[in-house]
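Nothing in this text is a laboratory measurement; each read-out follows from the coordinates by a stated rule. Because the structure is a prediction, the values reported are computed rather than measured. Ideal geometry is used to build each Cβ from the backbone, glycine not excepted, and the neighbour counts take in all protein chains shown.
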Amino acid sequence: MSDYETKQPSLGPSHERALELLRRDGIAIMRFSELNDDQELWAELADEAAGFAGTAKEWLRKRDEPTAGGGKKAGKRRKKAGQREGGKSGEQVKKSDFIVRSSAIESPEPSPTMLRYALSDQLLGISNAYLGVQAKLTYVDKWYTVPTPDEAERAKSQRWHRDHIDPHIVKVFTYFTDVDASAGAIEYVCGSAPGGPYGDLWVSREEHYPPDGELERQVPPSARVKAEGPAGTVVICDTGGFHRGGFGRRERLTANFTYVSPEALESSRTKRRFEPGEQATGGLSEAARFALD
């Protein structure tokens, strides 16, 4: 048995099924209860997410007040949210126009509860087995996605794209609100991760945002899935494949984690985008300690 195998958290039947789907399609859509039977943990995560949603709404209210942001300019932010760079306004859209991050308005240090979930044997076991190496955890955050106005266009990560920090990247999205098409469900092209039937489309960094309409022309609708589900849905996907973020008319609340190979960090293709904090190191498994090192 190799050193890699001796470090792997054990996988149960539901985790093996998630891994099988991930390897076959590049995406697995599961229930939290299928992956983790700790209902106390779920209750803590849901309470924390609800608190963040309230903070995000208050932050947005203050941001968009005419007195808070310079009159009409602040009032136009929501209208601009989602409008593509180079659109009619000629203004560059920032991702923060339609996504509010906990790390930006609360703290760059994730809570112990959120880290416990991100470093759980279940999520690390799936990530390690899929990547084939001991994974590094590089992103932990909560997102509140702002409802998009009817006249807005897709922008930034709302457009089809690949991530290029690693050939294979595991991202985990946990829904704390019901998410369907009207709430901007994540969309994914099955088989578009490297090695899949669509893995060779637009693979260079320079072309990882295909021209509008081209992906739909070359990939049949049957290969494109919307990751819809009620609160408690967990979406695990390889964002080395084509995906695009929510473009919804109502709010969406998620937790988002990213797992990559050690080489991606060592080569500086990416960096850790959160601060673990001193309390994060106590009582961790070997795989979890490695993921944070």
Taking neighbour Cβ counts within 10 Å as the exposure measure, how do Glu263, Glu187 sort from fewest upward? Glu263, Glu187
J(HN,Hα) series, region 12-26, from Karplus relation 6.51 cos²θ - 1.76 cosθ + 1.60, nearest Hz, glycine and proline x: x, x, 5, 6, 5, 5, 4, 5, 4, 5, 4, 5, 7, 10, x
Going by amide H atoms built from the backbone, whose H comes under 5 Å of the H on Asp141, apart from near neighbours? Asn256
